Structures are given as C-alpha cells and as structure tokens.
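Structure record follows, encoded as structure tokens.
Values quoted throughout were computed directly from the atomic coordinates according to the rules given, and no laboratory measurement underlies them. Everything numeric in this text was worked out from a predicted model, so none of it was measured. A quick note on method: Cβ atoms are made from the backbone with ideal geometry, for glycine too, and the neighbour counts reach across all protein chains shown.
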Amino acid sequence: MFFRFPVLAAAAVVILGAAGGARATMPMLSSEPSPASPAACQKWASSQSADVFDMWGLNEDGSWSRDVAGLRLTLTCLGGARPEIVGFGSSVGFDETYCTKHRDLGICKKRAAGKPTVGTDEFVFGSSGVANSGNPAESIRISEQIRPSALKRRFHAYTVRIAKGEDCLTCATISGRPGIIEVDYGPDAKTVMGVESPPSHATTRHTECGTEVVMPKAKLSPEGEVIAAYGAAMVAAFQVLINCLEENDALLPGQFPDALGVYMEMVKSKQGDVSDMTLAVLHDIRTATQD
C-alpha cells in the first residue's frame, strides 16, 4: 500500500498510539494560543503547515476540504476532541483500526472494495491560469495583478517561496498537496505573466492502487507568448549570424558571448542605463550563443 502523505522530517512529526496498538505518523501542530479564544484559535489554525491541513481536512467519504481542516483545528484549539478520522491514510495500522470500528463509512467501504479511499485534488492549468480542482478559490489568473504578499495570503496553507533575480525578475513557487505552481511576474512585480508546473516537480498522487503522476503543461498569457516567441527568434537569428561570421573568419569562436559578458558587467555598475529586463534578455542571448 502506498502512503498518502509525504515523508516528514523527524523534527516535524510525532508518533501517537492509536486504539488496538496501531501507530500513526502525525504532523506536529504548533503551540496553541493561551488564552484560547475564537479569534486566536482561528489565527492559530490558519498558520498550520500544509501537511497538517492535508490530514485534518479528510472527510469520512474520502473527500478533502481546507475549510473542514480549519474548522476542526479551531474547535480542537478551543477544547474540543480531535476527530477520530484525523490520521487516516498515514499508516496501514491506523486505517485498519479505524475501519474495523466504522465499516459503514464511505471511506472504509472503498477500502474494503480495494478502491482508492482518498479523493484527490490537483492544480488544473488552462489558457487563463491555474486553479485547484478541489478548491476554486485557490487560483491564479494570467494577467492578474496580485503582489507576492497577497499571493501568500491566498495560499496560506501552502509553502510559498518568493525569489528575485534567480533566473527571473520576480517569481514565486507555491508547493502543497495538489502540486507545485511556478509564477512569473512582470517588471512591476505584481502582474502575473505566466504560470506553470515544472516537469521535475510533477504532481504525484499516492493511492492504494498505485502512484499517478500529473504533469500540467506550462501556460503563458498572450502577451507572454509574443515576448517568448520574439526572444526565441532573436536568439536564433544571433546564432545564425555568429555561425556565418565564424565560418568566414570574421569572428573567433566564443568572441561574441565573451564581449557581451564584458558589456553586461560594465552596464551593471551604471544604475539606470539598462533595465533589469534588458539584462535578463542579454543573459539569455549570451547563454544561448556560448554553445
């Protein structure tokens, strides 16, 4: 049987004894607020990790809901009991113990029939952007204006990493249960130019029947497609020109990218002369013509 949840670091898990001797691997919760109040507990619940939301949002029919996870966490913080189903899917022993007691629940009927017990959600990519199939509120539209700080709030149950200058002007990586989204921003650092799920980080879904890999294709806005096509054509034209010059002994091999590199270093020291976008394009041209 394949485990449904990813392996967690040793410092982030706690082993809890379950009824009948079963043992389940549970993601650790952060310290609860004191004193506990509805507002404080709601804030505490929303701050939990994606792994916590993954486990606490599982329903008895096998579906999953972030809202259910948040409500359960809040009620538990306020003194309520932890729902018995929390932990299902983390180990064979936990599942067997749970379904021995609850044979009539949908999730246990599926398990007895050898069917996948857990409903899956994933990031679905389209021409207009990307959305979570299980929660449409978790979406990004191409050409949408949303700053990185607002993006973090929208995907608060996920790991969101913001980067600048790492092969992009401003970009974000969103990681969670449904998969991974890479977001490319325009020069203003708030307009979404493109979204994609990198092939090296394809969505992997684990079920009792095996492992399924989902690899959505990258999507760009119409403006992004024009810019990408223009850039590719310009690089190709430079490569043809350089080959012609080298064949006629008018240019030494490697001379052009070396000279371009010197130029880029020179203009970097002069603020305002060349934009970051221009430098990014020059970097791509230099890299392509080094081969």
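Counting other beta carbons within 10 Å of each Cβ, put Glu138, Glu265 in order, fewest first. Please report the intermediate quantities before stating the final value.
On the way: Glu138 22, Glu265 9.
So the ranking, lowest neighbour count to highest, is Glu265, Glu138.
Using Cβ contacts closer than 10 Å as the measure, can you line up Met234, Met193, Met266 from fewest to most?
Details: Met234 14, Met193 21, Met266 11.
Listing Met234, Met193, Met266 from fewest to most nearby Cβ atoms yields Met266, Met234, Met193.
What is the total of Lys pairs in the stretch 52-197 with C-alpha atoms under 28 Å apart, excluding same-chain pairs fewer than 8 positions apart? Intermediate values should be presented prior to the final figure.
Values: Lys101/Lys109; Lys101/Lys110; Lys101/Lys115; Lys152/Lys164; Lys152/Lys190; Lys164/Lys190.
So the count of such lysine pairs works out to 6.
For Thr97, Thr173, what ranking results if the residue with the fewest other Cβ atoms within 10 Å of its Cβ goes first? Could the numbers behind the result be given before it?
Values: Thr97 21, Thr173 16.
Going from least to most buried by this count: Thr173, Thr97.
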